[in-house]
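Take a look at the structure below.
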Amino acid sequence: MSTENITNEIRLSILGMRCAGCVSAIEGALSAVVGVTAVSVNFADHTATVKGQANPNALKKAAKEAGFDAAVMEGIEDPSEQETQELQRYRSLMKKATIAGAFGAFLMAAEHFSWLPEIGSATGLWLWPEIALLTLAVLIYSGWHFYSGAIKSLSLRQANMDTLIALGTGSAWLYSCIVIDYADTLPTLAKHAYFEAAVVILAFINLGTALETLARGKTSSAIRQLIGLQPRTARVIRNAEEIDIPIEQVGLGDILRVRPGDKIAVDGILLEGHSTINEAMLTGEPIPVEKIVGSEVVAGTINQSGSFLFKATRIGRDTALAQIVMSVRQAQNSKPEIARLADKISSIFVPAVLIISALTFFMWLTFGPEPSLGYAFVTSMTVLVIACPCALGLATPISVMVAVGRAAQSGILIRKGDALQTAGKLSCLILDKTGTVTEGKPIVSSIVAIDDYSEDQILQLAASIESGSEHPLAAAILAAAANKQFTLDKTQGFLAIPGFGVTATINEQQVFFGNKALMDSKGIKFTRYNNKLEKLSVLGQTPMLLAVNDKVVGIIAVTDPIKKDSALAVQHLKELGLRIIMVTGDNQITAHAVAKQAGISEVRAQVLPQDKAAVVLELQQQGEIVGMVGDGINDAPALAQANVGMAIGTGTDIAIESADIVILQGSLLKIPEVIALSKATVINIKQNLIGAFFYNTISIPVAAGLLYPFFGILLNPMIAGAAMALSSVTVVTNANRLRWK
């Protein structure tokens, strides 16, 4: 096999999918291709995701042999092209529905007003064959996609929706031709042609499919909006000139110019200038974010004001926007447990319908009143038409598509369908402290000056000694000094002592900065400040002592403040009935201080990252359904162990691979949103499934004539076609309600 165009994952657009039965046919055909390890078909948006080392041409050939056209979807495809294709399909289906409907309406009116001669009469001998030929022409024009699909399905020894429709309408036409040709030998009551039924059934089914196409287009509007955020061109600086080039030609390290109102083309680091950027597509928050030199900028976000230069650090499929789109699609393609049940039922449904239709025919032919052949034909045809499992196949994926797209618009990436189903069932939620409950960015919270030193002198001296350190707390002190525009002193003999602090010579004086253990080791007395140190610790602050030569001259406390909405989020989560536990590697005093501010009463402190998964397992063994919220990197084992792992991240710093759900904005207030959306989605899916099951369970016996012996009621095949089409439209419309959740 050629190694050209080999990839680990290929996304295909599938043309010709019309029912849930098509899903198993496509999955089977693609799975048989050499190198394919997994196939996921999304009936809702007519795509297939293939994983493994497979040749795209081989995949397209396999799909073609199974009766479907396929095209490879590369990169972030232009949404306008897909919208154009969908619009063309909608118009084509409407045209077919209109022609079939108009011809069927004419035949029904002609029969009602007795414009047509009796079958078998002198005039009828030449007119009815003409009507048969006209009907055949309409059937071929309006229903050829069904008939060709049925033929291909039959060649593969499979049955699907096309099989049912082709058998129903085809047998109606064939039966009517037999009635015309053998009118003299049939009972008077059996002399009825069903040409109008055949074409009207196609009219209703095409109309239903067209409306479904239109409604389904709305379900993926969220992802289309995300895709549409990427600009077509970018302005780069090459050879000291600014030129506009197609976005595909932007390379890593390129310098790009962004003007007011421009969409940012790729991810990068701001090199020159200052601006505010609307990052709503990333976080769901409309408030613009200030960007300065060194700030990260993300593809798809919109520059509000100011012009700046930035260096491209991620392009193509590596940008945050591409990763978001990929994540959303992955979730939309995934199948929660409830969907797998529906797929299993759908896969055996069509063969079962064929058997029921055959049994219906023979029961009416054997025990039915005269004309038994006419009754047998009508009832069996009605069963075939009304039983198409389209609504059943759409019930789950269409709801998942809408919910995942809606979440993405709010800055929530749902990566797995199972997580969407399980989130609403959580009974316990574990929260990591740093970066989840707190900001994850320490700041200087207190400065205590002793003797003749001022607070500014203490901060300037501490920043000077910490200028050579890479410790997170050092960054907080340096940032505080930078805000005051202090000039830092030069250091000599800098030494970092892990677990203790740092020491160096500044202005010919030996300076020490660190914890009590550092002071102890250097013989510096500090006991008179123990009460102050303890008070700061109880407040959740980390105090450090500053000593010059052998004397303590100041205390600087650093704290990681809780996020402004953490306490409110915890309150909302408690109102939902969840047990909230904060798990952290920090010490007991700091952990309880932070938990108290956030309103969390249950705390597990001094827990190593590798032991957090054990805490999750322990709670699961107690019968809890556990959600874990962490940074998605250090907490990866716990996120994987939890029933639902949620990674908190801001900007592009998200560990997508470690969690089921990623909260882009970093706000815990998104967790109640996830839970609410999960509950609403599961209810929506159940509504769809119950509606589809109820529809098929009730309609098939009625179509088979169950009510006839008691009430003399038979279901008209044309009404059956309309009902079948309406059921799919109803499911899609109900799923679209989630867009407003």
Q: Would you be so kind as to identify which of F195, A474, P543 lies farthest towards the positive end of the dipole of the chain, taking Lys and Arg as +1 and Asp and Glu as -1 on Cβ and the Cα centre as origin?
A: F195
Q: Beyond 27 Å between alpha-carbons counts as too far, so tell me which of K64/K96; K441/K612; K425/K670; K263/K484; K484/K522 fall in that bin.
A: K263/K484; K484/K522
Q: Mind checking which lysines have their Cα closer than 16 Å to the Cα of K61? Skip sequence neighbours fewer than 8 apart in that chain.
A: K152
Q: Would you please report the Å³ per residue occupied by the convex hull of the alpha carbon atoms in the chain?
A: 203
Q | Largest-first ordering by accessible area, 1.4 Å probe, given options I625, I414 | A | I625, I414
Q.
At R0 = 30 Å, how high is the FRET efficiency between D565 and T313 if r is their beta carbon distance? Nearest 0.05 is fine.
A. 0.50
**Q.** 0 to 90° range, to nearest 10: angle between helix 717-736 axis and the chain longest Cα axis
**A.** 10
Q: Based on the mean of other Cβ atoms within 10 Å per residue, sort peptides 690-698, 456-464 so the most packed one is first.
A: 456-464, 690-698
Q) So how far apart, in nm, are the two label points at L726 and D456 if each is 7 Å from Cα heading toward Cβ? A) 8.1
Q. How long is the gain from Q85 to T697 if the chain were fully straight, where each residue apart is worth 0.36 nm and the alpha carbon distance is subtracted?
A. 216.8 nm
Q.
What is the angle, in °, between the Cα long axis of helix 390-409 and the longest principal axis of the Cα atoms in the chain? Nearest 10 is fine, range 0 to 90.
A. 30
Q: Binning at 5 Å from 0, report for segment 497-643 what percent of all alpha-carbon pair distances ends up in each bin.
A: 2, 9, 15, 16, 16, 12, 9, 9, 7, 4, 2, 1, 0
Q) At what distance in nm do the modelled label points of E9 and E370 sit from each other, each positioned 7 Å from its Cα along Cα→Cβ? A) 6.8
(Q) Give me the percent relative contact order of the chain, please, defined on Cα pairs under 8 angstrom at least 6 residues apart. (A) 14
Q) Against the longest principal axis of the chain, how steep is helix 195-219, in degrees 0 to 90 to the nearest 10, with axes from Cα atoms? A) 10
Q: Find which of L568, I10, I685 sits farthest along the positive direction of the dipole of the chain, computed with +1 on the beta-carbon of Lys and Arg, -1 on that of Asp and Glu, about the Cα centre.
A: I685
Q. Gap in Å between the Cα centre of segment 666-741 and the Cα centre of segment 520-583?
A. 56
Q) Under unit Cβ charges (Lys, Arg +1; Asp, Glu -1), what dipole magnitude, rounded to 20 debye, does the chain have relative to its Cα centre? A) 820
Q.
Suppose the chain between K95 and L488 were pulled fully straight at 0.36 nm per residue; how much longer would it get relative to their current alpha carbon spacing?
A. 133.8 nm
**Q.** Selection from V39, L714, F500, by position along the positive dipole direction of the chain (Cβ)
**A.** L714
Q. Which percent of Cα pairs goes in each bin when the distances of segment 562-714 are cut into 5 angstrom slices starting at zero?
A. 2, 8, 13, 16, 18, 11, 5, 4, 4, 4, 4, 4, 3, 2, 1, 0, 0
Q.
Using a Debye calculation, one point per C-alpha and no hydration shell, please list log10 I(q)/I(0) for segment 471-514 at q = 0.15, 0.19, 0.26, 0.28 Å⁻¹ in order.
A. -0.42, -0.67, -1.06, -1.10
**Q.** Size of charge dipole - segment 506-661 - debye, nearest 20, with Cβ of Lys, Arg +1 and Asp, Glu -1, no other charges
**A.** 840
Q. Quick one: which of 667-675, 313-321, 238-246 comes out on top by average Cβ neighbours within 10 Å, and what's the full order, highest first?
A. 667-675, 313-321, 238-246
Q.
So if I take the centroid of the Cα atoms in segment 151-181 and the same for segment 372-421, what is the distance between those two points in Å?
A. 24
**Q.** Rough spin-label spacing in nm, given labels placed 7 Å along Cα→Cβ, for T505 and F711
**A.** 10.3
Q | Exposure ranking of F512, F113, F361 by accessible area [1.4 Å probe, largest first] | A | F113, F361, F512
Q | Probe 1.4 Å, protein heavy atoms only - accessible area per residue of the chain in square angstrom | A | 45
Q. Want the number for I255 to A109: 0.36 nm per residue separation, take away the alpha-carbon distance, what's left?
A. 45.5 nm
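The values are calculated or read from the model by the stated rules, or taken from the named source; none is laboratory data. It should be emphasised that the depicted structure is a prediction, and the values quoted were computed from it without experimental measurement. Virtual Cβ from ideal backbone geometry, glycine too; neighbours counted across all protein chains shown. The protein model used for the area step is the full one, side chains on, heavy atoms only, and it has no ligands, DNA or RNA in it. Shrake-Rupley method; radii C 1.70, N 1.55, O 1.52, S 1.80 Å.
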